[in-house]
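As structure tokens, the structure follows; a few thoughts come after it.
The values are calculated or read from the model by the stated rules, or taken from the named source; none is laboratory data. As the structure is a prediction and not an experimental result, all values here were calculated from the model. Don't worry about glycine lacking a Cβ; one is built from the backbone with ideal geometry, like all the others, and counts go over all protein chains shown.
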Amino acid sequence: MAFGTHTSKGITGTKGRELEGRRIVLCITGSVAAVRSPDIARELMRRGAEVYTVMTPMATRILHPYMMEWATGNPVVTELTGRVEHVTYAGEHPNRADLILVAPCTANTIGKAASAIDDTPVTTVLTTAIGSGIPIIIAPAMHGSMYNHPVVRENIEKLRSIGVEVLMPRVEEGKAKIPETEEIVEAVVRRLRPSRELEGRRILVTAGPTREYIDAFRFVSNPSSGKMGVAIAEEALRRGAEVTFIYGPGTAQPPSRVRLVRVETTYEMLEATVKALKDLKHDAAILTAAVSDFGPTRREMIKTPSDKGRWIIELKPLPKIVDHIREVDPGIFLIGFKAEFNVSDEALVERAYERLKASGMDLIVANDVAREGVGFGKETNEVFIIDGERNVVHIPLTGKDEIAKILVSMLVERLEKQKASKEEEHIH
């Protein structure tokens, strides 16, 4: 790291480059949810952003400015001085911020912003940014009764009417809580990277493990977290797609804007997938789920006694969901996943290609879960993507978000080729 660089900036870009070169001003107001602001700032930095903080006086009584200086590696604005910070950050000039994010935002600040009242550094930055056309995202946090106040709702709609994006809070325990950090970060990415190549497209994604029960509550499963499927669904959403997300019992939080179908067993996932494809026309299906290959031949609805001594369980093969997709929609673009354990690159690619041909896939993504940092439950992965002509794209170990971007870009490219080919056929 170069001399003089704040050590906190070492995390910049570690999760992705979507916000690289972007300047984001994080405004913090006097809500207890301000304790979440350092995490929000750090996640934005991990996506490549440079983050600057502006705080109201009340915010500084909840969260010390030193914490935000540590979190971002940049000085914190707590008052407006002769340096006219609001113009520096949000005025009409080339070096201004790319986006203003208010997280958390109180009902008080929402009301002032909607009425162009400037009595704190945050409200003055907002008025300046609105006047100069900088994108603004607000993440509300307040008691539920305040959020339900008709004038507060009116103020929110007034802000929306002039282009301010106001995120929906999580209403829990009588409070309108600030959205989850990941949801806030994704909103920022969407606003600053408005690539909409999948607008009007519908994508189905399966994710997570499945469970096969051997008695009333014991089951056979695998350690899939669903993170890869979530990353792909989020990337498809960012590019404008409608996403049907069929999710086994994974630990990753599913995206909030998908058509979510929760399942547990292999047969439930198969049934839900077939139903979704029959109910709505989908352009592509991406099957990331780690579906159980085997399940018990019989299940007794009892708790098998722990003193049984020996328990022999007979397993039977279960249907492979990928083999049923073409029966429902022969023209769908089909992407499957295949995991192997402790094999060579050559064997991994060969087995994946054979599976692709047998199931009629358009692309298959293969990985070896025995390798360091790869596969189930990890934040990273290393994959080989193979097509029907046996072309291979190798993605070395990297974040699952990065793999999702590459895979969805490949999908976009192939869907566009399909579209062009059909249009050419129609002309001739």
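General observations
- Among the candidates Gly331, Gly336, residue that is outside any loop (DSSP other than H, G, I, E, B) and assigned by TED's automatic domain parsing to the domain that holds Tyr213: Gly336
- Enumeration of residues in region 41-91 that are without any contact (Cβ under 8 Å) to a residue 40 or more places away in the chain and in contact with an Asp or Glu (Cβ under 7 Å, 6 or more places away or on another chain): Gly48, Pro75, Val76
- Considering only residues in region 194-211 that are in contact with a His (Cβ under 9 Å, 6 or more places away or on another chain) and buried (at least 23 other Cβ atoms within 10 Å of the Cβ), the one that is farthest from Leu19 (Cα to Cα) turns out to be Leu204.
- So Val393, is it in contact with a Phe, Trp or Tyr (Cβ under 9 Å, 6 or more places away or on another chain), more than 24 Å from Val412 (Cβ to Cβ) and either polar (S, T, N, Q) or not assigned by TED's automatic domain parsing to the domain that holds Gly48 (or both): no
- Contacts under 7 angstrom Cβ, first residue in region 400-428 being more than 17 Å from Glu382 (Cβ to Cβ), partner modelled with pLDDT of 85 or more and part of a helix (DSSP H, G or I), 6 or more apart: Val408/Ile232; Val408/Glu235; Val408/Ala236
- Single unsatisfied condition, Pro254 versus (1) farther than 21 Å from Leu415 by Cα; (2) of a type outside the set (D, E, K, R); (3) modelled with pLDDT of 95 or more: (3)
- In the set Ile386, Ile364, Ile395, only one residue is part of a strand (DSSP E or B) and without any contact (Cβ under 8 Å) to a residue 24 or more places away in the chain; that residue is Ile395.
- Selection within region 272-305 - among the β-branched types (Val, Ile, Thr) and in a loop (DSSP other than H, G, I, E, B): Thr288, Val291, Thr297, Ile302, Thr304
- For region 364-371, the count of residues that are farther than 22 Å from Phe333 by Cβ and of a type in the set (Lys, Arg) is at least one.
- From Arg46, Arg83, Arg96, residue being surrounded by fewer than 22 Cβ atoms within 10 Å (Cβ to Cβ) and under 24 Å from the mean Cα position of the chain (by Cα): Arg46
- Listed by first and then second residue, the pairs linking a residue in region 228-252 that is part of a loop (DSSP other than H, G, I, E, B) to a residue that is buried (at least 24 other Cβ atoms within 10 Å of the Cβ) and among the basic types (Lys, Arg), with Cβ atoms under 9 Å apart and 6 or more places separating them unless they lie on different chains, are Gly250/Lys227; Thr251/Lys227; Ala252/Lys227.
- The set of residues from region 297-343 being over 27 Å from Thr206 (Cα atoms) and of a type outside the set (D, E, K, R) comprises Met301, Ile302, Thr304, Pro305, Ser306, Gly309, Trp311, Ile312, Ile313.
- Of all residues in region 134-158 being under 27 Å from the mean Cα position of the chain (by Cα) and small (Gly, Ala, Ser), the one that is surrounded by the most Cβ atoms within 10 Å (Cβ to Cβ): Ala139
- Among (1) assigned by TED's automatic domain parsing to the domain that holds Asp401; (2) more than 28 Å from Ala276 (Cβ to Cβ); (3) of a type in the set (A, V, I, L, M, F, W, C) - the single one Val220 does not satisfy: (2)
- Note on region 289-328: among residues that are β-branched (Val, Ile, Thr) and touching a helix residue (DSSP H, G or I) at 6+ places or on another chain (Cβ under 6 Å), the one that is surrounded by the fewest Cβ atoms within 10 Å (Cβ to Cβ) is Val328.
For every residue, the table says whether it meets (1) aromatic (Phe, Trp, Tyr); (2) surrounded by 24 or more Cβ atoms within 10 Å (Cβ to Cβ).
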{"site": "Lys227", "(1), (2)": "no, yes"}
{"site": "Leu237", "(1), (2)": "no, no"}
{"site": "Ala241", "(1), (2)": "no, yes"}
{"site": "Phe245", "(1), (2)": "yes, yes"}
{"site": "Ala252", "(1), (2)": "no, no"}
{"site": "Val263", "(1), (2)": "no, no"}
{"site": "Glu271", "(1), (2)": "no, no"}
{"site": "Lys275", "(1), (2)": "no, no"}
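- The residue of region 159-190 that is surrounded by the fewest Cβ atoms within 10 Å (Cβ to Cβ), among those that are assigned to a helix (DSSP H, G or I) and of a type in the set (Lys, Arg), is Arg160.
- Residues that are outside any loop (DSSP other than H, G, I, E, B) and among the charged types (D, E, K, R) within region 306-319 comprise just one, Lys316.
- Condition met for Val365 (in the same structural domain as Ala284 (by TED's automatic domain parsing), surrounded by fewer than 16 Cβ atoms within 10 Å (Cβ to Cβ) and modelled with pLDDT of 95 or more): no
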